[in-house]
Ligand code: PMP
């Protein structure tokens, strides 16, 4: 297995350093106990070839700090400070392709006790080149996982907590080993929660339906954006509990998130969704999103932080 090459500059322990110097001790609390939280942010190369359009940067840094609050992180940075560090890092790395930016707040102390308060925190940021990692032209084959989504009273599920991703990994492996592209996890109530690393929408009777933020989902920024895009386009959006059986009779379904972007679902547990092709609402959401992030005229241009490179 080959590691993805990273961009040469990172932010680590309060300064910009070459990526090779962004190293932690093997005794680091976050490494031992999963006591970190992270963000995942995309920057898209604009049509003009000299701008990186970062999608909803302030929303991502705000969520990162909220995840940090749940871990009782004490850091001297505001959400605006973290956004400033990220734009400066993009400038320094001057990418000429689409990128993925990974800010990470972590318990950096070396103490042995698994606890949250009183352990030193740090912020690190690194980035890598990233194009589509799922083929957006091939509808996804999903399964309902036998793994249950972590719940708020176990590991806060609305936060992107490092240790919580063991849950995602278990479901993802199970799906891959069964010949599927990804998994849908149900929550403790047996209601639909989300994908292993993405939120889920279905279409029923022409309305777009997605699980509420109290269904043990990550509070996805792409999800929130699509709710807005759909309502503006006159599509009815329902945020409500979704039963498993609704998945099998949905007219359309798609996963959405920073990594997967917006990926249409062709089947769930082997049952075709709609006619198995990309549905009209899925197509509309993809078109609105991709034209925005690539810098075309869009009513949502305010969601881009435009960083000039080169
Ligand atoms: N759920 C999970 C578990 C995720 O890891 C992600 C990706 N961050 C999402 C949903 C989608 O969130 P966002 O749109 O903010 O990337």
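The values are calculated or read from the model by the stated rules, or taken from the named source; none is laboratory data. What you see is a predicted model; the values in this text were computed from it and never measured. Here Cβ is always computed from backbone atoms with ideal geometry, including for glycine, and neighbour counts include all displayed protein chains.
Selection within the range 154-169: residues that are more than 17 Å from residue 105 (Cβ to Cβ) and part of a helix (DSSP H, G or I). The member of this set that is nearest to the chain's Cα centre (by Cα) is 168.
Summed over the range 282-310, the residues that are over 23 Å from residue 54 (Cβ atoms) and crowded, with 22+ Cβ neighbours inside 10 Å give a count of 1. The number of residues in the range 147-176 that are more than 17 Å from residue 257 (Cβ to Cβ) and without any contact (Cβ under 8 Å) to a residue 40 or more places away in the chain comes to 8. The set of residues in the range 24-64 that are part of a strand (DSSP E or B) and within 16 Å of the ligand (Cβ to nearest atom) comprises 36, 37, 38, 41, 42, 43, 44, 53, 54, 55. Being more than 14 Å from the ligand (Cβ to nearest atom) and either surrounded by fewer than 17 Cβ atoms within 10 Å (Cβ to Cβ) or over 27 Å from residue 53 (Cβ atoms) (or both) is a property that residue 167 lacks.
Reported count of residues in the range 178-189, each being in contact with a strand residue (DSSP E or B) (Cβ under 9 Å, 6 or more places away or on another chain) and either surrounded by fewer than 18 Cβ atoms within 10 Å (Cβ to Cβ) or modelled with pLDDT under 95 (or both), is 3. Yes or no: residue 192 assigned by TED's automatic domain parsing to the domain that holds residue 238 and away from the ligand (no atom under 15 Å from the Cβ)? No: the conditions fail for residue 192.
Please verify whether residue 234 is away from the ligand (no atom under 15 Å from the Cβ), free of Cβ contacts under 8 Å to residues at least 12 places away in the same chain and not in a helix (DSSP H, G or I), treating the condition exactly as stated. It is true that residue 234 is away from the ligand (no atom under 15 Å from the Cβ), free of Cβ contacts under 8 Å to residues at least 12 places away in the same chain and not in a helix (DSSP H, G or I).
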